[in-house]
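All remarks here apply to the structure that follows.
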Amino acid sequence: MSDSTPQWYDDEAGPLVRLFAMTAGRARSKNSDETFDLMATVEADASAYDVPTLSPEQRIILRICLRHPQTVTDIASESNLPLGVVRVLLGDLMEAGHIRVSRPVQPTQLPDTRILREVIDGLRAL
């Protein structure tokens, strides 16, 4: 390598794996991105960890979720993988039946604050 050639990573970084190689060139999973809302909770099936066809990144995700259910945001943070990659890999794991996803309650489904205030006031009146 000549001195004028830019060096994209140092020797200590090890082999460089492009993100598209982890997701087989996909930017989205077959499942909708709505399934993997940032606050969706992912729970792993313990028997899935021994599946020989899993990628190293999928094993990392499963290991993170085996301890206790994790949010998609926490999985991305703890695995040091970009959120888009995590969503694609989660989609593959969900399609194979290795994880379960619980979506957070949408704000439109939460009780009205006026109703909650009336309940609190009624309880105080007792």
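Among the residues in segment 31-38, are any β-branched (Val, Ile, Thr), closer than 16 Å to SER102 by Cα and at pLDDT below 85?
Step one: list which residues in segment 31-38 are β-branched (Val, Ile, Thr), which gives 35.
Applying the additional criterion that residues be closer than 16 Å to SER102 by Cα yields 35.
Checking the rest, the ones that are also at pLDDT below 85 come to 35.
The answer is yes, given that some residue of segment 31-38 is β-branched (Val, Ile, Thr), closer than 16 Å to SER102 by Cα and at pLDDT below 85.
Could you list, in sequence order, all residues of segment 59-77 that are farther than 14 Å from PHE36 by Cα, surrounded by fewer than 16 Cβ atoms within 10 Å (Cβ to Cβ) and not small (Gly, Ala, Ser)? If the condition is that a residue be farther than 14 Å from PHE36 by Cα, surrounded by fewer than 16 Cβ atoms within 10 Å (Cβ to Cβ) and not small (Gly, Ala, Ser), then ARG59, ARG63, LEU66, ARG67, HIS68 are the ones that fit.
The values are calculated or read from the model by the stated rules, or taken from the named source; none is laboratory data. Keep in mind that what you see is a predicted model, and the values were worked out from it rather than measured. For neighbour counting, all protein chains shown are included, and Cβ atoms are generated from backbone atoms with ideal geometry for every residue, glycine included.
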